[in-house]
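A short write-up of the structure that comes next.
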Amino acid sequence: MAHITSSSRGVFVIAVTPFLETGALDHDSIDRMVDFYAEKGADGLTILGMMGEAPKLTQAESIEVTRRTLARAGEKPVVVGVSAPGLAALGELTSAVMDLGAAGVMVAPPSSLRTDEQIIGYYRNVVETVGKDVPVVLQDFPLSTGVQISTKTLRVIFEAHPSIVMLKHEDWPGLQKISDLRQAETEGSRRVSILCGNAGAFLPEEMRRGADGAMTGFAYPEMMADVVRLSNEGRHEAAQDVFDAYLPLVRYEQQPGIGLAVRKYVLAKRGAIASAAQRRPGAGLNAAAIAEIEMLIARQTRRLETLA
C-alpha cells in the first residue's frame, strides 16, 4: 500500500471502532464499515483516532483492528492513530502497523506540553522513535489536547522533519493558520498536506483557504466528498449548498460528550455498523436525543431533494 505524502488529498474518514453489545470487537462490522466509507466517496481512512475509542483498546486489539481494516481497504490508504502517553508504546504500535501495510501514522501531542521548545522536542523524539521512513500526520487539536501549536512552531517542525508530511488541522478558530501555512509555502517553506477535522464544521471555508481535504468522521462522509470535489472544481457556491443541507446534523454531532454516540447511532441506522455500542465508559442517547436526531435526518433528506 502506498504511503501518504505531502501531496495527499481528498477525504480520509476518521473511522469509528465497531463493538458488539458485549464490548467485544465486531470484526464483521469493520468490514461493513470499510465498504460503506468507500462507497460514500472516501479516498482513505484514519483508524484509532480520538473518535475511534483508541484509548479503550489493548495494544493487541489495536493491531487486530488495523489488520482487519487493511485487509478490507484494498488500495485505499489507511492512516493509524498511534498517540500514547509514552514513546515506547507509540513506537511499538507504529512498527506493528507499518509492517502490516499502514500508509502512515497520526500523532497528537500529549497534554503535558506547554512551551514551543517542548512541542518541537516532542516531535523530534517521535520521528527518532518511529524512524525517518515512516510518514507522520501531526494532529493539531488544541480543544482536546490543550496544546497550542503556533504557525511558527509548526513551520519549525515541518522544516526539521520531512517525514511529517501532513497536518491534521482542527484548531478552532484556525482558518488563518491554513492561510499562513500556504502563504509560507509561496515564500519557500516546505509543502505539507493539510486535511481538516472538527467533523467538517468549517470544511467549505477550509477548502477556500487552501486545505487539501478532510480527515474527520461525520456520519455522512458523502457530504465531505462532495464538498471537497466541488471546491476543487472551483464550484464553491455548489459546495456551500451541499454543506448547508447537512449543517444542522454536523452541529448536533459536535456536542461534547455525546458526539460519538450520535455518530454511531446514525452509522448503525445507515447500516454501516451493526450496533451503536461504545466500549465503557461511553455516553448514551436518551429518547429525546434520538427523536432530535431523527428529525434532523428527515429535514436533511428533504433539503437534499431540493438540490438533486
Among residues of the range 37-58, those that are among the acidic types (Asp, Glu) and assigned to a helix (DSSP H, G or I), counted: 1
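Could you grab me the full set of residues in the range 149-197 that are under 20 Å from residue 227 (Cβ atoms) and open to solvent by 60 Å² or more (accessible area, probe 1.4 Å)?
First, the residues of the range 149-197 that are under 20 Å from residue 227 (Cβ atoms): 166-175, 177-179, 182, 193-197.
Within the range 149-197, 172, 173 meet the criteria.
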Residue that is modelled with pLDDT of 95 or more and in a helix (DSSP H, G or I), where the choices are 272, 261: 261
Any hit, the range 129-137, residues being of a type in the set (D, E, K, R) and either closer than 29 Å to residue 199 by Cβ or assigned to a loop (DSSP other than H, G, I, E, B) (or both): yes
Long-range neighbours under 9 Å by Cβ, at least six apart or interchain, first residue without any contact (Cβ under 8 Å) to a residue 24 or more places away in the chain within the range 170-185, second aliphatic (A, V, I, L, M): 185/192
Single unsatisfied condition, residue 226 versus (1) touching a residue at least 60 places away in the same chain (Cβ under 8 Å); (2) open to solvent by 10 Å² or more (accessible area, probe 1.4 Å); (3) under 23 Å from residue 140 (Cα atoms): (3)
Total residues in the range 160-186, condition under 21 Å from residue 114 (Cα atoms) and in a helix (DSSP H, G or I): 2
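Residue-wise test of (1) within 30 Å of residue 231 (Cα to Cα); (2) modelled with pLDDT under 95; (3) in a loop (DSSP other than H, G, I, E, B).
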| residue | (1), (2), (3) |
| --- | --- |
| 6 | yes, no, yes |
| 28 | no, no, no |
| 35 | yes, no, no |
| 60 | no, no, no |
| 66 | no, no, no |
| 71 | no, no, no |
| 76 | yes, no, yes |
| 84 | no, yes, yes |
| 99 | no, no, no |
Conditions (1) touching a Gly at 6+ places or on another chain (Cβ under 9 Å); (2) open to solvent by less than 10 Å² (accessible area, probe 1.4 Å): number failed by residue 127: (1)
Those residues of the range 275-289 which are assigned to a helix (DSSP H, G or I) and surrounded by 15 or more Cβ atoms within 10 Å (Cβ to Cβ), in sequence order: 289
Counted residues, the range 53-93 - those being touching a residue at least 24 places away in the same chain (Cβ under 8 Å), polar (S, T, N, Q) and exposed (fewer than 15 other Cβ atoms within 10 Å of the Cβ): 1
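The values are calculated or read from the model by the stated rules, or taken from the named source; none is laboratory data. Since this is a predicted model, take the numbers as computed values, not measurements. Cβ coordinates were reconstructed from backbone atoms using ideal geometry, including for glycine residues, and neighbour counts include every protein chain displayed. The protein model used for the area step is the full one, side chains on, heavy atoms only, and it has no ligands, DNA or RNA in it. Shrake-Rupley method; radii C 1.70, N 1.55, O 1.52, S 1.80 Å.
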